[in-house]
1. Restricting attention to helices (runs of 4 or more DSSP H) lying wholly within segment A:227-290, give those where 2 or more residues are modelled with pLDDT of 85 or more.
2. Determine the pairs where a residue that is under 15 Å from residue A:18 (Cβ atoms), located within segment A:149-172, has a partner that is surrounded by fewer than 20 Cβ atoms within 10 Å (Cβ to Cβ) and of a type in the set (A, V, I, L, M) with Cβ atoms under 7 Å apart, the partner being 6 or more residues away or on another chain.
3. Hey, residue B:58 hits all of (1) of a type in the set (Gly, Ala, Ser); (2) more than 16 Å from ligand 1 (Cβ to nearest atom); (3) in contact with a strand residue (DSSP E or B) (Cβ under 9 Å, 6 or more places away or on another chain) but one; which does it fall short on?
4. Scan segment A:169-217 for residues that are away from every other protein chain (no Cβ under 14 Å) and of a type in the set (Asp, Glu) and report the count.
5. Only one residue in B:61, B:88 is part of a strand (DSSP E or B) and either on the phi > 0 side of the Ramachandran plot or away from every other protein chain (no Cβ under 14 Å) (or both), so which one is that?
6. So residue B:87 clears everything in (1) under 25 Å from residue A:159 (Cβ atoms); (2) more than 16 Å from ligand 2 (Cβ to nearest atom) except one condition, right? Which one?
7. Which residue, of A:8, A:44, A:26, A:16, is more than 16 Å from the chain's Cα centre (by Cα) and of a type outside the set (Phe, Trp, Tyr)?
8. Identify, by number, the condition in (1) near ligand 1 (Cβ under 8 Å from one of its atoms); (2) part of a strand (DSSP E or B); (3) without any contact (Cβ under 8 Å) to a residue 60 or more places away in the chain that residue B:53 doesn't meet.
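The values are calculated or read from the model by the stated rules, or taken from the named source; none is laboratory data. Computed from a predicted model, the values in this text were never measured in an experiment. Methodologically, a virtual Cβ is constructed for each residue, glycine included, from the backbone with ideal geometry; neighbour enumeration extends over all protein chains shown.
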Amino acid sequence: MTLLAAVLNGLMVGGLYGLFGLGLALAFGIMRVVNIAHGEFIVLGAFLGATVLAVTPLPLPVVVLVVAISAFAMGWLMQATMLNRLVGPNPIPAMIATMGLSIIIRNALVAVYGNNIRAIDIGPVQNLGIEVAGVALGVLPLAIFALSVAMFLAVGLLLRHSTTGRAFRAAADDFEILETLGFNRRRVYALAMGLAVTLAAVAGLLLAVRSSFTPFSGIERLLIAFQVVIIGGLGSLRGSFLAGLFLGVVHVVGLSLNPNVGPLFGHLAFILILILRQADLPAILTRRGR
Amino acid sequence: MTLLTVEGLDVFHGDLQATFGVDLQVAAGEAVAIIGANGAGKSTLLRAIIGLTPARHGTIRLEGEDITRLSCDMIARRGIALVPEGRRLFPSLTVEENLRLGSARARPGPWNLEAAYDLFPAMTDFRHRPAGMLSGGQQQMVAIARALMMNPRLLLCDEVSLGLAPAIIGDIYACFRRIRDSSVSLVLVEQDILRARAASDRVYCLLKGRVTLQGASGEVALDAIRAAYFGEAAA
Ligand SMILES: Nc1ncnc2c1ncn2[C@@H]1O[C@H](COP(=O)(O)OP(=O)(O)OP(=O)(O)O)[C@@H](O)[C@H]1O
Ligand SMILES: [Mg+2]
């Protein structure tokens with residue numbers, strides 16, 4: 001793999017990383033829920049998609065839609081039946097509940113699917129390619145990248161121009177006042193969690209089309225989501241997107257340099273960013289200059 | 001016709017009792033002022049009426065319907081709106097987005113965006129600004145307009161004059177006349193005795209969670225209010 005190809009692949013994976021982070025950030029920003037099961041929902045999206053692809057003749061775009069709808073229902077149910085009972089000033093109970101749920105999902109996946117490494121085979125589309133300015137690009141990665149950009153734009157439109165989206169942002173600011181305007185807080189929260197889990201599961205499925213996964217992949221994916229949120233910030237769609245791209249490129253380029261320690265580069269880059277952020281750069285630079 | 005009837009209301013913050021057997025009535029079309037010093041329980045009473053802090057004992061009725069145990073959003077949809085203490089706009093939303101949220105679950109009625117901008121023409125100049133970047137007076141206009149967008153039957157206003165310059169307080173109070181003309185009843189919580197008396201039909205004084213005085217605004221003597229307010233023996 002050439003460096004350029006690695007960068008392009010990294011961008012495609014990175015768009016999905018951005019979606020991982022966006023889902024986590026929405027849940028935390030709107031209802032202060034740290035969803036520890038976020039990674040398991042990412043993996044669940046992959047397993048669900050793989051199963052639907054295997055047992056039905058549906059094409060990939062329809063399967064994505066099926067996974068999106070199921071994931072929305074799961075997120076909605078998780079919030080409505082469990083997390084809405086735990087919301088409050090203390091974030092720990094919801095964190096523990098989602099941690100428990102992550103263990104349940106992981107073990108259920110092992111029970112149903114076993115713990116082999118899996119990949120999704122979608123047939124000849126996998127290897128379709130086009131050449132742009134002398135660079136060979138896969139059609140599939142391009143389509144996946146376009147879809148993740150589209151999902152970011154759609155979430156942006158929803159948050160800015162729909163009543164539901166405005167209610168999400170208002171709930172993050174001041175849920176009591178939102179209630180005095182006639183909004184049912186629990187319903188707003190259930191919708192928001194539905195959206196967050198949908199982003200996780202769809203991105204998880206799309207990532208699985210390009211790379212392998214096991215029932216235990218959730219932890220890694222959750223870690224990536226956290227890193228995206230920390231680098232990109234909570235309240236910014238663009239921040240999540242760019243942070244995802246950055247981590248994606250570092251991961252894939254790192255993998256192409258040394259397949260054994262690929263993820264390490266991502267974590268090193270993350271730590272580097274944390275250190276740089278702490279450092280008082282202007283002060284360091286002026287000291288240099290003197 | 002009594003719009004709001006509050007009977008024997010005890011409200012607690014955890015173990016701390018903030019109101020003791022409060023009785024209160026608001027007739028349709030009426031403006032009622034609630035005055036009292038810091039910590040008297042005024043905000044707590046409003047929070048209980050709209051369901052943010054549920055009452056432990058007592059009943060609250062809106063046009064005869066018992067709403068004591070309803071959730072806040074259900075009470076709001078039945079026609080009670082709150083202009084909260086400290087304004088509490090959604091800071092990351094623009095002014096107009098704040099207003100639109102007010103109308104999203106509103107009852108039918110005369111108040112819409114156009115009517116709101118007509119009530120406070122100055123709002124048009126900053127309608128697309130984030131609500132977190134407004135001055136206190138500007139915020140207060142938006143907070144009142146946002147609550148009005150619900151087309152309430154009863155508007156609860158918690159210290160709308162707090163921290164504002166006198167000229168701006170005058171502007172804000174001027175709007176209450178027009179709000180009443182749209183057949184919205186008012187509850188005005190205030191620390192400023194004179195202004196509260198001037199803007200209302202009846203006053204209630206609250207002292208340490210108890211109603212210590214009530215009467216027609218034009219009839220209760222200032223001395224009696226002062227005594228009820230500060231808890232001194234009536235002169
Ligand atoms: N969230 C809360 N938790 C605990 N105690 C509270 C809370 N809110 C109010 N209190 C207490 O309840 C009592 C009544 O407070 P409340 O805010 O209703 O008074 P107020 O008349 O509105 O005062 P102010 O004029 O300062 O707004 C006070 O003793 C106050 O300390
Ligand atoms: Mg108060």
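1. Passing ranges, in order: A:237-257, A:262-278.
2. What qualifies is A:152/A:237; A:155/A:237; A:156/A:237.
3. Going through (1) of a type in the set (Gly, Ala, Ser); (2) more than 16 Å from ligand 1 (Cβ to nearest atom); (3) in contact with a strand residue (DSSP E or B) (Cβ under 9 Å, 6 or more places away or on another chain) one by one, residue B:58 breaks only (2).
4. Selection size over segment A:169-217: 0.
5. B:61
6. For residue B:87, the failing item is (2).
7. A:8
8. Result: residue B:53 passes all but (2).
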